[in-house]
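**Student:** Have a look at this one before I ask anything.
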Amino acid sequence: MDKLRAKIISFRDLLATAWPIILITAVGFYIAYQFVQPAPPRSIIISSGPESGAYYAYAQQYAGLLKKHGITLEVKTSVSSWQNLQRLKKGEAHIAIIQGGIRDDTLSEDGKSSQFRTLGSITYEPIWVFYKNGQHINKLFLLRDLRIAVGQAGSSIRGLSLRLLQANGITADSETLSPLDDDEAASALLKGDVDAVFVIAPPEAEIVQSLLNAPEVKVMDFSQADAYLRRFPFLSKIILPRGVVDLVHELPPRDTTLLTTTANVVISDEFHPALSNLLLQAMTKVNGQGGFFQKPGEFPAYKDQGFLLADEAERYYQSGPPFLQRYFPFWLAVLIERMLVLALPIIILLLPLLRFAPSIYSWRVRSRIFRCYGDLKFMENELRKNYDRARKNEYLERLNRIEDDASSKNIPLGFTDLLYTLREHVNLVRERLTCLDSGETPVDNPPERQERDV
C-alpha cells in the first residue's frame, strides 16, 4: 500500500511538472499544423485541345507519367485555348494548356493574370503567314487590300491574328477577313479564294508541310520582328533556315524570320504545390527534347510573361525537383515533408523543455522541504538572539510542528533523504535548545551550515 501511495505521489509530481511542457508543445503543434499542406488529390483534370492537336498529345504523355506515381490525370479535349482558360476559371479543370497571347479579364495592372499561375512554356508555336501573291511580302500592313483567312470565331489563331493585324491598321470588321478554319483556309489559298492565311502550328503539322511544299505559296518573312517583340512581350523570334524544308529544291529559298508564341501550362492558385513539382518533372521529360526550332533542355521555361510564374516553378528552374522527391517515391516524399513541419515543435520546443524537466521536477520536490528549513532557520535565529527560557515549551512545540509538517509532505521515494536530513537538523536545534536551557554554550550552528549544503 505504501509503495502504491509513493507511486501515486511520484506520478502527481511528474504530472505537475509535465503539464506546462505538454501545453506549450501542444500550442506549437497547433500553430505548425496551420502550415501543413493537405495531402494531394489523386485525381486531377487537364483541358488540352482537339484530339488531333499537339496539346492533346502532350497531355496524354503527362497522364502516363503521373499515373506511375498514383495520380490520375483526366484529359479533356477542347476547341481553343480560350475554352481551356474558361474551364480553369470555372473550376472545371485544374490545369490548362494555353496559347500565349490569350487575353483575359483577370489581368492585373501590370498586365499579368492575377487569378492563375503558369508552370512555364513547353514549346514554340510559330505564326505562319502564307500568301499567294506575285509580290514579296515582309510586312503585315502589305496585306491590307488582300483577302485574309484569320480563323474561326472563338479560335486562338483568330484572336492573335486580329491583334497583329490591328497593330497594322487592319481592323476586325474589315470585309477582307474570312473566318475559315485551318483546313478550309489552306484549301481556299490553293484555290485562290483567299490571298493569305494565318496558321499557328508546329512545322511538322500536315497543313504547314502542305503549304510549305506548294510551289505557288510563300511564307512571310517578318522583317519587323524585333518591333513586334517590344509591343507583344509574349512573342519570340525564330529563324526558319534556308533549305530546311527541302534541300533539293532549296525551300525556303532564304532564311525566314518568323514570330512565335508559346504553349503554356497554366494552373489555378489552389493547385497543390507537390503536384506542381510532379507535373514540372513530367513537362521536362516530355518537352525537354530538342525540336525543329528548340534546343534540348530549352523547355519548359518561363517565356510568356502574360502569367505570373508559380513559386514552385521558380524554385524548380533554379534548383530542380525538391530534395525529397529526388530520392523518395512521390507519396513518401509528400508524407515526410508534411511530417517535418509537425516535427518542428518537437525540435524547437519539446527537446529543450525536456532537457530542463528533471531540474524543474527536482526543484518542485525540494521546495517543499526548503519551506520547513525556512521555518527552522527563523527559529534558530530567534534562539540565538532572543532566547527566553520561559518559552521553552513553545519552542519545542514549534519544532514538533516543523517535524510533523515535514513528515506529512508527499515526498517521492527518490527524495526521502532530504526528509531524514531535515529531521536530523530539527534534532540538532532541539539539542541547542537543551544547551541554552541548561546554560551551556552551543559549539556549532549545524542547521545554518547544512541548509546551505542542501
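The values are calculated or read from the model by the stated rules, or taken from the named source; none is laboratory data. No experiment lies behind these values; they were computed from the predicted model shown. Using ideal geometry, Cβ is built from the backbone for each residue, glycine included, and neighbour counts are taken over all protein chains shown. Note: accessible area is taken over every heavy atom of the protein model, side chains too, but ligands, DNA and RNA are not part of it. Shrake-Rupley method; radii C 1.70, N 1.55, O 1.52, S 1.80 Å.
**Student:** Within segment 42-62, which residues are of a type outside the set (Phe, Trp, Tyr), assigned to a helix (DSSP H, G or I) and more than 24 Å from the chain's Cα centre (by Cα)?
**Tutor:** Selection gives 54, 57, 60, 61.
**Student:** What are the pairs with Cβ atoms under 8 angstrom where one residue, in segment 384-412, is more than 19 Å from residue 364 (Cα to Cα) and touching a residue at least 40 places away in the same chain (Cβ under 8 Å) and the other, located anywhere, is in a helix (DSSP H, G or I) and not β-branched (Val, Ile, Thr)? Sequence gap at least six, or different chains.
**Tutor:** Sorted first by the residue in segment 384-412, then by its partner, the pairs are 387/436; 389/436; 389/437; 392/433; 392/437.
**Student:** Restricting attention to segment 263-280, and to residues there that are in contact (Cβ under 8 Å) with a residue 60 or more places away in the chain and of a type outside the set (A, V, I, L, M, F, W, C), which single residue is surrounded by the fewest Cβ atoms within 10 Å (Cβ to Cβ)? Even if it seems obvious, please write down each step before you answer.
**Tutor:** Step one: list which residues in segment 263-280 are in contact (Cβ under 8 Å) with a residue 60 or more places away in the chain, which gives 263-269, 271-276, 278-280.
Okay, now just the ones that are also of a type outside the set (A, V, I, L, M, F, W, C), so 264, 268-269, 272-273, 276.
Working: 264: 28, 268: 15, 269: 10, 272: 19, 273: 16, 276: 22.
The extreme case among them is 269.
**Student:** Mind counting the residues in segment 290-312 that are in contact (Cβ under 8 Å) with a residue 40 or more places away in the chain and at positive phi?
**Tutor:** Qualifying residue count, segment 290-312: 0.
**Student:** Here's another thing I want to ask about it. Please find, among 161, 178, the residue that is over 25 Å from residue 303 (Cα atoms), among the hydroxyl-bearing types (Ser, Thr, Tyr) and at pLDDT 90 or above.
**Tutor:** Working: 161 fails: over 25 Å from residue 303 (Cα atoms).
That would be 178, the only listed residue that is over 25 Å from residue 303 (Cα atoms), among the hydroxyl-bearing types (Ser, Thr, Tyr) and at pLDDT 90 or above.
**Student:** Another question about this same structure. Looking only at segment 242-262, count every residue that is open to solvent by less than 70 Å² (accessible area, probe 1.4 Å), over 40 Å from the mean Cα position of the chain (by Cα) and at pLDDT 90 or above and tell me the total.
**Tutor:** Looking only at that region, the number is 1.
**Student:** Among the residues of segment 50-74, count how many are among the β-branched types (Val, Ile, Thr) and either open to solvent by 30 Å² or more (accessible area, probe 1.4 Å) or touching a Gly at 6+ places or on another chain (Cβ under 9 Å) (or both). Before you say what the answer is, go through the steps one by one.
**Tutor:** Keep residues of segment 50-74 that are among the β-branched types (Val, Ile, Thr), which gives 71-72.
Cutting the leftovers down to either open to solvent by 30 Å² or more (accessible area, probe 1.4 Å) or touching a Gly at 6+ places or on another chain (Cβ under 9 Å) (or both) gives us 72.
Adding up the residues that qualify gives 1.
**Student:** Here's a follow-up. Taking segment 168-183 as the region of interest, how many residues are in a loop (DSSP other than H, G, I, E, B) and either among the small types (Gly, Ala, Ser) or open to solvent by 60 Å² or more (accessible area, probe 1.4 Å) (or both)? Please lay out each step first, then the result.
**Tutor:** Initial filter on segment 168-183 (in a loop (DSSP other than H, G, I, E, B)): 168-176, 179-181.
Keeping just the survivors that are either among the small types (Gly, Ala, Ser) or open to solvent by 60 Å² or more (accessible area, probe 1.4 Å) (or both) gives 169, 171-175, 179.
Adding up the residues that qualify gives 7.
**Student:** Would you confirm, using the coordinates I've provided, whether residue 186 is within 48 Å of the chain's Cα centre (by Cα) and either more than 25 Å from residue 290 (Cβ to Cβ) or surrounded by 13 or more Cβ atoms within 10 Å (Cβ to Cβ) (or both)? Write out each step before concluding.
**Tutor:** Details: within 48 Å of the chain's Cα centre (by Cα): yes; either more than 25 Å from residue 290 (Cβ to Cβ) or surrounded by 13 or more Cβ atoms within 10 Å (Cβ to Cβ) (or both): yes.
Against the criterion (within 48 Å of the chain's Cα centre (by Cα) and either more than 25 Å from residue 290 (Cβ to Cβ) or surrounded by 13 or more Cβ atoms within 10 Å (Cβ to Cβ) (or both)), residue 186 qualifies.
**Student:** Still on this structure, please answer the following. Report, ordered by the first and then the second residue, all pairs with beta carbons closer than 8 Å, sequence separation of six or more or different chains, a first member in segment 49-78 that is touching a residue at least 12 places away in the same chain (Cβ under 8 Å) and farther than 22 Å from residue 262 by Cα, and a second member that is of a type in the set (Lys, Arg) and part of a helix (DSSP H, G or I).
**Tutor:** Within 8 Å, the pairs are 65/285; 73/67.
**Student:** Counting only residues that are loosely packed, with under 15 Cβ neighbours inside 10 Å and in contact with a His (Cβ under 8 Å, 6 or more places away or on another chain), how many does segment 296-333 have?
**Tutor:** 1
**Student:** Here is a further query. If you take the residues of segment 117-156 that are aliphatic (A, V, I, L, M) and farther than 17 Å from residue 195 by Cα, which of them is surrounded by the fewest Cβ atoms within 10 Å (Cβ to Cβ)? Before the answer, list the steps.
**Tutor:** Of all residues in segment 117-156, those aliphatic (A, V, I, L, M) come to 119, 122, 127, 129, 137, 140, 142-143, 146, 148-150, 153.
Narrowing further to those that are farther than 17 Å from residue 195 by Cα: 119, 122, 153.
Working: 119: 26, 122: 25, 153: 9.
Among those residues, the one meeting the criterion is 153.
**Student:** Can you give me the number of residues within segment 364-388 that are at pLDDT 80 or above, of a type in the set (Lys, Arg) and in contact with a helix residue (DSSP H, G or I) (Cβ under 7 Å, 6 or more places away or on another chain)?
**Tutor:** Number of matching residues: 1.
**Student:** Let me ask something else about it. What's the number of the only condition in (1) open to solvent by 40 Å² or more (accessible area, probe 1.4 Å); (2) at pLDDT below 85; (3) not in a helix (DSSP H, G or I) that residue 101 fails to meet?
**Tutor:** In the conditions (1) open to solvent by 40 Å² or more (accessible area, probe 1.4 Å); (2) at pLDDT below 85; (3) not in a helix (DSSP H, G or I), residue 101 misses (1) alone.
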